[in-house]
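Enquirer: Provided herewith is a single structure, encoded as structure tokens, for subsequent inquiry.
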Number of protein chains: 2
Amino acid sequence: MDLITVRQIYKNKESLLNSQVTVGGWVRSLRDSKAFGFIVLNDGTYFETLQIVYHNTMDNFSEISKLNVGAAIIVTGTLVATPDAKQPFEIQAEKITVEGASAPDYPLQKKRHSFEYLRTISHLRPRTNTFQAVFRVRSLIAYAIHQFFQERDFVYVHTPIITGSDCEGAGEMFQVTTLDLTNIPKTEEGAVDFTQDFFGKPTNLTVSGQLNGETYAMAFRNIYTFGPTFRAENSNTTRHAAEFWMIEPEMAFADLSDNMELAESMLKYVIRYVLEHAPEEMNFFNQFVDKELLNRLNHVLNSEFAHVTYTEAIALLEKHNDEFDYKVFWGCDLQTEHERYLTEQLYKKPVFVTDYPKEIKAFYMKMNPDNKTVAAVDCLVPGIGEIIGGSQREDDYDKLVARMDELGLRKEDYDFYLDLRKFGSTRHAGFGLGFERCVMYLTGMSNIRDVVPFPRTVNNCEL
Amino acid sequence: MDLITVRQIYKNKESLLNSQVTVGGWVRSLRDSKAFGFIVLNDGTYFETLQIVYHNTMDNFSEISKLNVGAAIIVTGTLVATPDAKQPFEIQAEKITVEGASAPDYPLQKKRHSFEYLRTISHLRPRTNTFQAVFRVRSLIAYAIHQFFQERDFVYVHTPIITGSDCEGAGEMFQVTTLDLTNIPKTEEGAVDFTQDFFGKPTNLTVSGQLNGETYAMAFRNIYTFGPTFRAENSNTTRHAAEFWMIEPEMAFADLSDNMELAESMLKYVIRYVLEHAPEEMNFFNQFVDKELLNRLNHVLNSEFAHVTYTEAIALLEKHNDEFDYKVFWGCDLQTEHERYLTEQLYKKPVFVTDYPKEIKAFYMKMNPDNKTVAAVDCLVPGIGEIIGGSQREDDYDKLVARMDELGLRKEDYDFYLDLRKFGSTRHAGFGLGFERCVMYLTGMSNIRDVVPFPRTVNNCEL
């Protein structure tokens, strides 16, 4: 069908004025008198709507006037300037065709609906202003991330979703199986007979693509992953979903400081991209969702991120222990309250915290010369706390094996990973960015359920 | 670390000649005499390698000369032109540091290895020429697809991976569960007690994001998905994997002919992008993997795709029934032999086959006025057969319900999908592109296991 989009109309308004256009879209509101009527039309391609004026000289004037909110129509008419009106132009309709009416029980009426209610109609909520803005921005962020890495010649790797290993022993994983759950086959010893399962062994949904990603960094130097990951954690918070997307870049011939440079450039790139490509949406968020949003993002753009070691950070935070629910001490895991205090109160800008105690970080992180801390880094940002976690990886075969032995990890489960330290090992580093957390950060939305099209959480897997 | 990449050296060779550079990479081969040695270095950023010359004036000359293939080194030296040599330039090394040696049992020696063997070392095979080419091109194709849709303002939607519905009743799905398989909880009636499972009900891995995608097309007009999908099919062929990625665009206010236009533009865009951005890799495939590859792709670029209805196609094919293993007749499903005959022998270019019998297509496809065929389309390309399948969707509530009744589908399982036909329904259409099939098509690789980084097939879930 040869339809122009509302976005094209706004972008080319000068050249289109006084010419005939045909648009298709959905009725956001409609009011009419005996002689004429007004329709506010949205076609989903642009945050702004288009005003349509139609007259009773039209054959189907009464059909149109009876339309409900949500109806799909195709309008042919002339684009005319309206210098005295709120909107810059309108369409004087010559013909309106109804593609599909909207039943009177359409759940999205003109009034404002709560986010809670809209979660119950996840198939319709992208038709509202807020969710149209959220999910267009989500799409733009995803693309900006690809563009950032591809411009730098990083190779995009699809690491596997179904996995036979459990990566960092991260625990709570979803099992994947084709066994008949009503009648699980058993071995003679009474164990589950996985030889009858699809893969011939137990398999799970991935919690991270990092270890696989490292194998590709050792071939391509710079790679990134961008795919779904899963946690079967029974935690019903506003920040956790069972299914979420992650970006995990990995660089060979790179250390922790390269890692931080990459993370800082990436965050700034993405913020800049979204401000430039979705100004209407970002203004909307700033007005209706989080009045500090644009200030905060612009401040990040204009800041050089701070750098502090974990040990220094603990010393700084200990002075304020009376303000915390959880008191800090050297060796403790930083809570969100501590992270936010560091970035919001002490540094007032994003901060990289480095060199954490080895006990609270994963086995694959590079041991520092002090033998107590590892070359880990978390990036903390105002308004949210940790947004990125990464590390330089242990590239020394013997040290890695020693650490695995300490932690009781079985070498035979990590043969492929140890091979990377045996054949042309090199310093390498990478990080993980939770995509949903990034979307929340850039939109000001405070519940992860409102930035995932069809969220999956405990006892919730609708549509 | 401040290293230049081999890609940067090749791209900026004029300005870099006779200046000092530092590169990091892996030894592809090494030969030495008493006075000097040559190293062929690959750093994974570029298909071509870099020659390094080093002399016995270097402190660690003997350490370097003992290196095995696969070792990681950092080289500082001067880039000098070599007008009489095979390669255009080389690096006269001033300093070489060993980052990581390579053990003598490094599996990738200079000889050619079979694809079968390389599948057993999927963590190391991206270090070979073929797989470095495959997986860089895979990355470029993925990005080209994003770029194509984003340039056209399509919204990228992450449809869910874990799902409580089974989409088109496509059958063989993987179950996702946190139940203890050794001790499945049962209800009083002896059924599996899914209230104790993570989502409180049975869940599976998605086989398609289309139905979810449609809900977003009805909000944004044009959307696309790009994510992993799963089939638990027990088929051990060169074209099937249990886990693969799919692209599924969906357009509102669009019909079958819009759908075909989009598919044709997308395929041509992606081919053009890869030829432009990976000429070295594409020449390599053409020389060593499939000597007809570039001819075929260029022919596709320069062809207007043909259009034929299923009914016409059957009439054409029936004349050649003596050449087929499976004889064609009106109502039969087209086999690969028929598809390839159509596109390779009869049309000698890509062809869209439209309007298939409703019995062999999914319930959601739009019924044609003949009441026997539906507005489906498959795109067939030389060398492979079907690469894209799509349709205009049934947008009439009553017709869709009637078809679901015919097929015994329960309305309550598709409430959200029926809502789209109740509230502002409009003609809409979309298609699915199997990403791996697309990569095979553009590289000439003939086994799906060789275009997926870590393939998942029956009894195979390594790494």
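The values are calculated or read from the model by the stated rules, or taken from the named source; none is laboratory data. Values in this document were obtained by computation on a predicted structure and should not be read as measured data. As a convention, Cβ positions derive from the backbone with ideal geometry for all residues, glycine included, and neighbour counts pool all protein chains shown.
Enquirer: Can you confirm whether residue B:316 is under 20 Å from the mean Cα position of the chain (by Cα) and on the phi < 0 side of the Ramachandran plot?
Expert: Criteria not met by residue B:316.
Enquirer: I'm told residue B:109 meets every condition in (1) at pLDDT 95 or above; (2) more than 9 Å from chain A (Cβ to nearest Cβ); (3) closer than 16 Å to residue B:71 by Cα except one. Can you identify the failing condition by its number?
Expert: If we test residue B:109 against (1) at pLDDT 95 or above; (2) more than 9 Å from chain A (Cβ to nearest Cβ); (3) closer than 16 Å to residue B:71 by Cα, just (1) comes out false.
Enquirer: Within the stretch B:3-21, identify whether any single residue is in contact (Cβ under 8 Å) with a residue 60 or more places away in the chain, assigned by the TED database to the domain that holds residue B:77, surrounded by 14 or more Cβ atoms within 10 Å (Cβ to Cβ) and closer than 18 Å to residue B:110 by Cβ, and answer yes or no.
Expert: The answer is no, given that none of the residues of the stretch B:3-21 is in contact (Cβ under 8 Å) with a residue 60 or more places away in the chain, assigned by the TED database to the domain that holds residue B:77, surrounded by 14 or more Cβ atoms within 10 Å (Cβ to Cβ) and closer than 18 Å to residue B:110 by Cβ.
One line per residue, one yes/no per condition, for (1) under 25 Å from residue B:283 (Cβ atoms); (2) within 14 Å of another protein chain (Cβ to nearest Cβ):
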{"position": "B:6", "(1), (2)": "yes, yes"}
{"position": "B:17", "(1), (2)": "yes, no"}
{"position": "B:27", "(1), (2)": "yes, yes"}
{"position": "B:49", "(1), (2)": "yes, yes"}
{"position": "B:56", "(1), (2)": "no, no"}
{"position": "B:59", "(1), (2)": "no, no"}
{"position": "B:69", "(1), (2)": "yes, yes"}
{"position": "B:75", "(1), (2)": "no, yes"}
{"position": "B:83", "(1), (2)": "yes, no"}
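Enquirer: Hey, can you tell me all the residues within the stretch A:112-145 that are within 28 Å of residue B:138 (Cβ to Cβ) and either more than 9 Å from every other protein chain (Cβ to nearest Cβ) or part of a loop (DSSP other than H, G, I, E, B) (or both)?
Expert: A:137, A:141, A:144, A:145 - these are the residues of the stretch A:112-145 that are within 28 Å of residue B:138 (Cβ to Cβ) and either more than 9 Å from every other protein chain (Cβ to nearest Cβ) or part of a loop (DSSP other than H, G, I, E, B) (or both).
Enquirer: Look at residue A:241 and say whether it is crowded, with 16+ Cβ neighbours inside 10 Å, out of contact with any Ser or Thr (no Cβ under 7 Å at 6 or more places or on another chain), within 14 Å of chain B (Cβ to nearest Cβ) and in a loop (DSSP other than H, G, I, E, B).
Expert: Taking the combined requirement at face value, the residue does not satisfy it.
Enquirer: Next question, about the same structure. Tell me, which strands (runs of 3 or more DSSP E) lie completely within the stretch A:146-234 with 1 or more residues that are small (Gly, Ala, Ser)?
Expert: Fully inside the stretch A:146-234 and qualifying: A:222-230.
Enquirer: Return the residue satisfying two criteria in turn: it lies in the stretch A:204-213 and is at the interface with another protein chain (Cβ under 9 Å from one of its Cβ atoms) and either touching a Ser or Thr at 6+ places or on another chain (Cβ under 6 Å) or buried (at least 24 other Cβ atoms within 10 Å of the Cβ) (or both), and of such residues it is nearest to residue A:454 (Cα to Cα).
Expert: Checking each candidate, the answer is A:205.
Enquirer: Here's a follow-up. In the stretch B:190-219, which residues are hydroxyl-bearing (Ser, Thr, Tyr) and touching a residue at least 12 places away in the same chain (Cβ under 8 Å)?
Expert: B:203, B:206, B:208, B:215, B:216, listed by residue number.
Enquirer: For the stretch B:64-86, does any single residue satisfy the condition of being farther than 12 Å from residue B:98 by Cα, modelled with pLDDT under 95, among the hydrophobic types (A, V, I, L, M, F, W, C) and not assigned by the TED database to the domain that holds residue B:278?
Expert: Within the stretch B:64-86, one or more residues are farther than 12 Å from residue B:98 by Cα, modelled with pLDDT under 95, among the hydrophobic types (A, V, I, L, M, F, W, C) and not assigned by the TED database to the domain that holds residue B:278.
Enquirer: Of the numbered conditions (1) at pLDDT 95 or above; (2) touching a Leu at 6+ places or on another chain (Cβ under 8 Å), residue A:167 satisfies every one except a single condition; which is it?
Expert: Of (1) at pLDDT 95 or above; (2) touching a Leu at 6+ places or on another chain (Cβ under 8 Å), only one is false for residue A:167: (1).
Enquirer: Right, here's the next one. Which members of the stretch B:398-421 meet the condition of being under 16 Å from residue B:365 (Cβ atoms), of a type in the set (A, V, I, L, M, F, W, C) and surrounded by 14 or more Cβ atoms within 10 Å (Cβ to Cβ)?
Expert: If the condition is that a residue be under 16 Å from residue B:365 (Cβ atoms), of a type in the set (A, V, I, L, M, F, W, C) and surrounded by 14 or more Cβ atoms within 10 Å (Cβ to Cβ), then B:400, B:401, B:404, B:409, B:418, B:420 are the ones that fit.
Enquirer: State whether one or more residues within the stretch B:451-459 are touching a Leu at 6+ places or on another chain (Cβ under 9 Å) and without any contact (Cβ under 8 Å) to a residue 12 or more places away in the chain.
Expert: No, every residue in the stretch B:451-459 fails to be touching a Leu at 6+ places or on another chain (Cβ under 9 Å) and without any contact (Cβ under 8 Å) to a residue 12 or more places away in the chain.
Enquirer: Looking at (1) within 33 Å of the chain's Cα centre (by Cα); (2) under 15 Å from residue A:97 (Cα atoms), which is the one condition that is false for residue A:10?
Expert: Among (1) within 33 Å of the chain's Cα centre (by Cα); (2) under 15 Å from residue A:97 (Cα atoms), the lone unmet condition for residue A:10 is (2).
Enquirer: Take the conditions away from every other protein chain (no Cβ under 11 Å), assigned to a strand (DSSP E or B) and modelled with pLDDT of 95 or more and apply them to residue A:90. Does it pass?
Expert: Taking the combined requirement at face value, the residue satisfies it.
Enquirer: Let me ask you something else. Only one of A:112, A:152, A:125 is in contact with a strand residue (DSSP E or B) (Cβ under 9 Å, 6 or more places away or on another chain) and charged (D, E, K, R); which?
Expert: Unique residue meeting the criteria: A:152.
Enquirer: Out of the residues in the stretch B:104-119 that are closer than 25 Å to residue B:62 by Cα and surrounded by 14 or more Cβ atoms within 10 Å (Cβ to Cβ), which is nearest to the chain's Cα centre (by Cα)?
Expert: This residue is B:108.
Enquirer: Moving on to the next point. Are there any pairs with C-beta distances below 7 angstrom linking a residue in the stretch B:53-73 that is in contact (Cβ under 8 Å) with a residue 40 or more places away in the chain to a residue that is part of a strand (DSSP E or B) and basic (Lys, Arg), with the two at least 6 apart or on different chains, and if so which?
Expert: Sorted first by the residue in the stretch B:53-73, then by its partner, the pairs are B:69/B:28.
Enquirer: Separate question: Quick check on residue A:252: is it within 13 Å of chain B (Cβ to nearest Cβ), modelled with pLDDT of 95 or more, in contact with a strand residue (DSSP E or B) (Cβ under 7 Å, 6 or more places away or on another chain) and closer than 20 Å to residue A:142 by Cβ?
Expert: no
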